[in-house]
Each structure stands twice: as structure tokens, then as C-alpha cells.
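Report on the following structure.
The values are calculated or read from the model by the stated rules, or taken from the named source; none is laboratory data. Predicted model only: the values in this text are computed from it and were never measured. Cβ coordinates were reconstructed from backbone atoms using ideal geometry, including for glycine residues, and neighbour counts include every protein chain displayed.
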Amino acid sequence: MNEEFKKLKSKLLKIIIEKSYEKKEVTLASGKKSDFYIDCRQTTLHPEGAYLVGRLFYEMIKSLGIKIDAVGGPTMGADPIAAAISIASYLENNPIPAFIIRKEPKKHGLGLWIEGKKNIRDNADVVIVEDVVTTGSSSIQAAKRAEEEGLKVAAIFAMVDRLDGGAEAIKTAGYRFESIFTRDDIIGGQ
């Protein structure tokens, strides 16, 4: 990890703590109860937050050592992340298209599961991105849906791993997993 990456990561952590972290009782999408909530959309929809997310994930994608053809994930948390990565890659003269995986196929029009698919070749190498991983089930579902649509999943990346077994579940399902931060980084950074 180079100094620039560390600097960007430090800036992003500050924004996440300020905009996305709340100490309160919540029920997570997984159904689990928690005494804190991390809403990364508050960060990914912030101008500097989006820029930092795009840059950091783009650097992580480059570190894979293979050409990634597209980046996307489950709507709605992954939508601004994928767009930010796509813009960051374009600015680096290595454009990577973004895509969105729906929770269910569109009920009208073409009935698509994946939006943005016309920008992606068949059998493309892709990275699935997430905002927060808890159990890993939505990441795994997104990866499987991408594969059913003819894409090859090279890795799953998250902004935050809540350390609730998601990383292990994703790896057990056969996918490479990395996160920018863990729950401990967020809670410990206060």
C-alpha cells in the first residue's frame, strides 16, 4: 500500500465516521440487531467521499493484476460506488464501465437483471462492489447473478466489513474478498 493510498484512505475514514456512522439500535438487512449503523450512501453521495471511494477502489482493482472489464453490484448501495470507480478509471485513461444488479428483474421493457450490460462484453472479468458487508449474502447473490448473466467475478470488494462473518462466507463461496475498512477501523477511529 503506497503513501497516496494511505492518505486517501485516511481522508475517507474521516468522512465515513462523520457522515455514515451512527451509534443507535437498528435492524440490519440481514435481520440481525446491531447497536450501530454504517450508512455508506451518506459518504458515497458526498462529493469528496465519492471521489475517494472511486480512487481507492480503482487502486484495489489495479492491484488484482488482471484486466477488469466492468464493476458493479447490488442496487442501491453499490450504484454510486460503481459510478465513482468508472469515473476514476476514465480519468486514469483506463475506462471501466459500471453496471447495476437489480434485486429482481425489471417488470417492464426488456426484463433485465443487470443495467449497463450493453457496455460489457460477454465473459467479461468483473468486480462486485458493496458498501457494507455483514453476512455476505447480498454480495454472494450479486456475484451469482453476474455469473448467470455470463460474467466472470474476479473479486468482491466492500467499503466496510462489519466483521459479522460476511468475509468468511464470501471466501467459502469461492470468491476473493477485500474491504477498505472493517468495523474496528470505523469504531476505533472515533
Exercise for review: Name the one entry in 87, 187 that is touching a residue at least 40 places away in the same chain (Cβ under 8 Å), closer than 30 Å to residue 21 by Cα, of a type in the set (Val, Ile, Thr) and surrounded by fewer than 19 Cβ atoms within 10 Å (Cβ to Cβ).
Suggested key: 187
Revision key, fill the gap. Taking segment 15-42 and the residues there that are touching a residue at least 24 places away in the same chain (Cβ under 8 Å) and basic (Lys, Arg), the one that is farthest from residue 179 (Cα to Cα) would be 32
Check your understanding: Got at least one residue in segment 6-18 being modelled with pLDDT of 95 or more, hydroxyl-bearing (Ser, Thr, Tyr) and more than 23 Å from residue 137 (Cβ to Cβ)?
Key -> yes
Practice item. Return yes when residue 120 is within 21 Å of residue 38 (Cα to Cα), buried (at least 17 other Cβ atoms within 10 Å of the Cβ) and not hydroxyl-bearing (Ser, Thr, Tyr) and no when it is not. Key: no
Check your understanding: Mind checking whether some residue in segment 30-43 is in a helix (DSSP H, G or I) and either out of contact with any strand residue (DSSP E or B) (no Cβ under 7 Å at 6 or more places or on another chain) or closer than 18 Å to residue 185 by Cβ (or both)?
Key -> yes
Practice item. Pick out the one residue from 7, 19, 11 that is surrounded by fewer than 12 Cβ atoms within 10 Å (Cβ to Cβ) and charged (D, E, K, R). Key: 7
Exercise for review: For residue 66, work out the one condition from (1) surrounded by 13 or more Cβ atoms within 10 Å (Cβ to Cβ); (2) of a type outside the set (Ser, Thr, Tyr); (3) in contact (Cβ under 8 Å) with a residue 60 or more places away in the chain it doesn't fulfil.
Suggested key: (1)
Check your understanding: How many residues are surrounded by 13 or more Cβ atoms within 10 Å (Cβ to Cβ) and over 20 Å from residue 78 (Cα atoms) if we restrict to segment 33-47?
Key -> 2
Point to revise | Sole exception among (1) touching a residue at least 12 places away in the same chain (Cβ under 8 Å); (2) surrounded by fewer than 18 Cβ atoms within 10 Å (Cβ to Cβ); (3) not aromatic (Phe, Trp, Tyr) for residue 147, by number | key: (1)
Review point. Any idea which of 56, 8, 52 is outside any loop (DSSP other than H, G, I, E, B) and either of a type in the set (Lys, Arg) or in contact with a Phe, Trp or Tyr (Cβ under 8 Å, 6 or more places away or on another chain) (or both)?
Key: 56
Practice item. Hey, can you tell me all the residues within segment 89-105 that are outside any strand (DSSP E or B) and either more than 15 Å from residue 74 (Cβ to Cβ) or at pLDDT 90 or above (or both)? Key: 89, 90, 91, 92, 93, 94, 95, 96, 97, 102
